[in-house]
Amino acid sequence: MSERIPIAWAEVRKRLEPARSYWICTASAAGGPHAMPVWGVWVDGRLWFSTGPQTLKARDLAADPRVAVHLENASDLVSLRGRAEEVPAGEVPAEVDAAYAAKYVMPRTGEAVSITVRDSRVFAVTPVTGHSWYEGAFIESMTRWRFGEPGQDPVAEEIGYGG
């Protein structure tokens, strides 16, 4: 049996916070999968992102708030499952918009971007479970995360191969 290589939640958070893009995976009313990358920020234990009101992901989330989120890098995997809640623009915490504006600028103009730009819909994803691992030590490092209240660190569960 291989020795376990525990992954601390602080390490996972270090991957979540600076990530440029997050893949959002939703299900259509007919059950079909839909995956698209979005810009977002990890603030107080939740992923915040915005999207146009007519996008497929916005329509999917209006019908079914269950969502999967993962980072672009599968070598040092972070994958979360949870629920997305639409947050009215006037109720988006100032620290979320400030983090978004500090992280993203418009490619052509260099202007900071607001998470509440134009008529976008803002969502906050509250994770319920997650997975993380290091590809170079896949079997030894696989970890399942169980989340409690937003803002609290999740509990790590060791999982076996194929979990």
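The values are calculated or read from the model by the stated rules, or taken from the named source; none is laboratory data. As the structure is a computational prediction, the values presented were derived from the model and not from experiment. Note that each Cβ is placed from the backbone with ideal geometry, even for glycine, and that neighbours are counted across all protein chains shown.
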Q.
Return the residues of region 1-32 that are part of a strand (DSSP E or B) and either among the hydroxyl-bearing types (Ser, Thr, Tyr) or over 17 Å from the mean Cα position of the chain (by Cα) (or both); say none if nothing qualifies.
A. TYR22, THR26
Q) Based on what the data block shows, is GLU158 over 23 Å from ARG66 (Cα atoms) and either surrounded by fewer than 17 Cβ atoms within 10 Å (Cβ to Cβ) or at pLDDT 85 or above (or both)? A) yes
Q. Within the set of pairs 6 or more residues apart or between chains, which connect a residue that is more than 18 Å from TYR22 (Cα to Cα) and without any contact (Cβ under 8 Å) to a residue 60 or more places away in the chain inside region 103-121 to a residue that is aromatic (Phe, Trp, Tyr) and surrounded by 14 or more Cβ atoms within 10 Å (Cβ to Cβ) with Cβ atoms less than 8 Å apart?
A. ALA112/TYR104
Q | Condition check for PHE49: in contact with a helix residue (DSSP H, G or I) (Cβ under 7 Å, 6 or more places away or on another chain), assigned to a strand (DSSP E or B) and either of a type outside the set (Asp, Glu) or free of Cβ contacts under 8 Å to residues at least 60 places away in the same chain (or both) | A | no
Q) Can you find a residue in region 49-67 that is at positive phi and in contact with a strand residue (DSSP E or B) (Cβ under 9 Å, 6 or more places away or on another chain)? A) no
Q. What pairs come up if the first residue lies in region 1-29 and is farther than 20 Å from THR126 by Cα and at pLDDT below 85, the second is surrounded by fewer than 13 Cβ atoms within 10 Å (Cβ to Cβ) and not hydroxyl-bearing (Ser, Thr, Tyr), and their beta carbons are under 7 Å apart, counting only those six or more places apart or on different chains?
A. ARG4/GLU158; ALA29/ALA63
Q: Report, by residue number, each residue of region 15-36 that is surrounded by 12 or more Cβ atoms within 10 Å (Cβ to Cβ) and closer than 22 Å to VAL113 by Cα.
A: ARG15, LEU16, GLU17, ALA19, SER21, TYR22, TRP23, ILE24, MET36
Q. Where residues in region 95-148 are loosely packed, with under 15 Cβ neighbours inside 10 Å and in a strand (DSSP E or B), which of them is modelled with the highest pLDDT?
A. ARG146
